[in-house]
Every structure is written in C-alpha cells, then in structure tokens.
1. Tell me which GluC sites (Glu not before Pro) from the stretch 372-444 have a DSSP coil assignment and no more than 14 other beta carbons within 10 Å of their own.
2. Straight-line reach only, C-alpha to C-alpha below 26 angstrom: list the lysines that residue 431 could link to, leaving out same-chain residues fewer than 8 apart.
3. For the stretch 305-383, rounded, prolate or oblate, judged on the Cα gyration tensor with a ≥ b ≥ c (square roots of eigenvalues), a/c < 1.5 rounded, else prolate if a/b > b/c?
4. Using helices alone, what [θ] at 222 nm do you get for the chain, with -39,500 (n - 2.57) per DSSP H run of 4 or more residues, divided over all residues and rounded to the nearest 500?
5. Using r as the Cβ-Cβ distance of residue 55 and residue 176, and R0 as 22 Å, what FRET efficiency do you calculate, to the nearest 0.05?
6. So for 214, 53, 95, fewest C-beta neighbours within 10 Å to most, what's the order?
7. Starting from the Cα of residue 239, draw a straight line to each of the lysines and keep only those under 16 Å, dropping any in the same chain fewer than 8 residues away.
8. When the Kirkwood radius is taken over all Cα pairs of the stretch 57-177, what Stokes-Einstein diffusion coefficient follows at 37 °C and 0.692 mPa s, in µm²/s?
Amino acid sequence: MSAIDNATAQQGASTASKKRFMIRMVIVLIGGMFLDGYILGIIGPVSGRMTEDLQLDVVWQGLIAAAALIGILIGSPLGGWAADKWGRKPIFMFDIALFAIASGMQFFIDSPPWLLVVRLLMGVAIGAEYAVGWPLMAEFSATHLRGRLMGAMEIAWYGGFMIAFLIGHLLSEYTSLSWHFILGTSTFIAVALFLARLGLPESPRWLWSVGRKDEARALAAKYMPADALDDLQHEDVRKGSFGMLFSKAHWRSTLFISAFWFCAVTPYFAIATFADSVLNQYGLAGGLAGGVGLSAVALAGVVVTFFLIDKAGRRVLCVPPQWLCAVVLAIIGLWAGAPAPVVLILFLVFSFFNAMYTTLTGVYPGEVLPTEIRGIGTGFAAAVSRVGAGIGIFLFPMSMESLGAGPTMLIAAGVALLGAALSQWLAPETKGKTLTEAASGYSH
C-alpha cells in the first residue's frame, strides 16, 4: 500500500471512529433528558394508588409531585458550578450514579417523607445533568449539526414524558405491579446509561479553558470534528465565575436564556400538568387521550424544529412562534363562547408552536456562553426555568378556581408575550457559527 493510500485509510478509520464516538455520546446525553421527562411523566398515573397506600393528604401529594422540580432548581446551578470548576466528566458520572441510587430506593419506600427525599435527590441529579449535558453536546458537536443534536435532547424529554405516562397508565391499569415498581422503572434506564458512560472523555474545550492545552489538543484530535480543533485554539484561557454571568460582556446572554426559558415553560407546564381540568373547563374530554394528545402534538413540534434548526436558523424558530402562541392564548382567554372544537384546535396549535421554541431553550445556553461559564450559565437558566414551571403549576389551579378559565389564559398569554418581546430584542442568530463566534455575539 502506498503512503497516500495508507494515510487515506487512517483518515477513514479516524472519521469512522469519531462517528461511532459521537453516536455513543448523543445516546447517553439524550438519555439524561429522557429520564427527566420520564420521572415527571410516570408519577401521574400512579398517584391514586400511591396516595391511598401512603395515606397522603393534599399537601403531601403536592410536595411529592413537585419534589423533582425543586431538586432540579437546586441541582442545576450546583451542577453547573461544579462542571465549570472540576470538569464535565466527573459531574457527568456522578449525577447519573446519584440518580440510579435514588431511583432504586423507590422500590423500598414506605413513608411520605422518604419518598419526598428520594424524588428530591432524583431532581438534584437531573438538574446537574441539565447543567452538564447540553454544554457537552455543544462542545463535541460539529458546527453544522450542533442545533439538531442539541434539539434531539428536547425530543428525548417530550418522548420520555409521554412514554412514561403511557407505561405508568398501562402498568397501573392492567397489571398487579406495585406503584413502587412502576416508579422504580427509571432505575433500569439510569443503570444502562451509567454503564454506557464509563470511559467517555473529558471535554477538550473545558481542558483548554483551564490551561491544559496539550490534553485538549490530543482529545480534540481523537474525538472531535475536523473544524473543532481550529476553533478550540481561538478560545481564551480564562477562569470562570458566577459573577461573570452578570458582567458587561455576558449579562445580555444571561438575561435572554433565563427569561426566555422561564416564559417558554411556565404556561406549558401549567396547561399540560392540568390538561384534564383545562379541557373539561371548555367542554372537552380530558383523561388519557387529552394529556397524551397535547404531549404528542408537542413532540411533533420538537421533531419539526429538529429538522429545520440548522437550515432555517434559530431566530425564525424562536421569535415568530412566541408571538403566535401569545395570540392563540389571548384568543382562548377572550373568546368565552368559542365552540369546543375550535378551543381544542387552539390548544393543539399552542402545544405545537410552544414546543418549537422551547427546543431553543436547550440550544441557546450552550451556544451564547463561553466555555468557562457554559455550565454555570446553563444551570442558572435551567433553575430560573424551574421557578417558572413551579409557579405555573402552583398558581394555575388557584387561578382557574378564583379567576376562571378566561382570565387565567390571558395571564398565560401575557407571559408568552413577555417572552416574545424579549426574544425579539435579544435572540441572536447562531446558525453556522462556531462556538467561539456564537459566544462572542453580545460582547462585540
């Protein structure tokens, strides 16, 4: 074999090896988001049997249902800080191990306080996964595929929620399995993900950001796309801190990713969580079909975004759909006598387009922040989003009861309107840009 043929063969082997690695990385990263959707979706179908068995009052029911969200609120900023300080890899392994242990404890829970603690720990682990998973996906992805690969994580979340809801419903209705086992099914997924993560490398971009340049170059050459090493070497070696999120160079990025995420998820979590009662308010059948129907349409919206994001760009999928959702929610709120089929169509339109721009809530943080604060910034934004989700879930039923469906929908429209206006002002276009170029967008 000639020297040219040998070099070509080695290059082909290297390309194939990088492709296999990236497939593995994508699977284990989207698996983390799948777990988040799964643990939130699985608890609804078993809540009746769990409440009866543990003799839960309404306070305990609310606390246990919200425990994972509270845990995410805690775990996201802590995980992001740790990932920027000590690296992506240790947090990447620790969070899935913590999740597997906490999830496994659900098989043996026999008291409300212990169930609350376990669900809280699972949320902490998922919060850390938010703060490290999206940055890792951004840091290893090729520029032309980055949007789709990060969007795939959002597909996994919606898919996990819907699949868990279906599995929980089927196992509860048609088997004699205990609610402990049904909740504990997330353990099997977590253990498989832990094993699949063994041996994965540290992020070369993080290594470069802390001055370990030789290690960064070696790992980039082995695992990253061809354009990544050149871009990597344009990054500055700089120590990150929480305060940098609010510096002159980065406050716009922090404001945008946090407030945009907050406004995107607050109406969705409230409406999707109480889909049954919302649809019933408008004379529509709820139950399994209503909850799964809204989730399925949302999943379709994410899938459409997945295919368009690296072709159409970020802004066109972020800004116009938010204005549309604000208008749709306002119509529902103002049109008190709207026919039930029209209301259903409007809710489905909201679910579809809300999911489209919600996909960008996971993409933008990894792109607009530099490596040294990418973890803590993503974690901070995720925590702010979970405050919004918690507020929506907590206040929504009270608003429906005291103010009525119309005013409640107008409040939701106001939140969507705020997100649309903010995004119109601050949402950048990062399509086709390297991470270094995207992260410098607000700084120059």
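Nothing in this text is a laboratory measurement; each read-out follows from the coordinates by a stated rule. Source: prediction; values computed, not measured. All Cβ positions, glycine included, derive from the backbone under ideal geometry; neighbour counts span all protein chains shown.
1. 429
2. 18, 19, 222, 248, 311
3. Prolate, because a/c is 1.5 or more and a/b exceeds b/c.
4. -28000 deg cm²/dmol
5. Computed FRET efficiency for residue 55 and residue 176 comes out at 0.60.
6. 214, 53, 95
7. 85, 213
8. 207
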